[in-house]
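Read the structure below first, then the notes.
The values are calculated or read from the model by the stated rules, or taken from the named source; none is laboratory data. All of these numbers come straight from a predicted model, not from anything done at the bench. Don't worry about glycine lacking a Cβ; one is built from the backbone with ideal geometry, like all the others, and counts go over all protein chains shown. Just the protein is used for accessible areas: all its heavy atoms, side chains included, with ligands, DNA and RNA removed. Shrake-Rupley method; radii C 1.70, N 1.55, O 1.52, S 1.80 Å.
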Amino acid sequence: MLNIASLIIGVIALILAVFAFIPLLGWANWVIVPFAVIGLALGAMSDKTSGRNLNIVVVIIGVIRLMLGGGIF
């Protein structure tokens with residue numbers, strides 16, 4: 001059950017991360033990354049790894065986008 005919740009959070013965060021690649025919407029990653037970290041925590045508590053892996057990818061995409069936009073460092 002936790003894996004399904006993690007997958008749902010990951011898919012929502014991934015869809016929002018795609019929209020955050022539009023110029024002037026990069027600030028949305030400040031919301032998306034913590035949302036994906038919550039999904040990552042749920043996925044880490046699950047026996048399966050698919051939800052955890054999806055949220056890891058979303059967190060990496062969000063952090064890279066923040067770094068490219070000057071939001072981190």
Of all the accessible heavy-atom surface of the chain, with the other protein chains kept in place and a 1.4 Å probe, what percent is carbon and sulfur? 81
Per residue, in Å², the accessible surface of the chain once ligands and nucleic acids are set aside, probe 1.4 Å: 63
Can you give the angle from 0 to 90° between the axis of helix 2-19 and the longest principal axis of the chain, with both taken from C-alpha atoms, to the nearest 10? 20
Among the stretch 39-65, those whose backbone N falls under 19 Å of a label point 7 Å along Cα→Cβ from L25 are 58-65
What value, in deg cm²/dmol to 500, does the helix sum -39500 (n - 2.57) over DSSP H runs of n ≥ 4 give at 222 nm once divided by the residues of the chain? -25500 deg cm²/dmol
In a Debye calculation with equal point scatterers on the alpha-carbon sites of the chain and no solvent, what is log10 I(q)/I(0) at q = 0.19, 0.21 Å⁻¹? -0.64, -0.75
Filtered chymotrypsin sites (Phe, Trp or Tyr not before Pro), the stretch 1-65: DSSP coil and at most 15 other beta carbons within 10 Å: F21
Using alpha carbons only, how many degrees (0 to 90, rounded to 10) separate the axis of helix 29-45 from the longest principal axis of the chain? 20
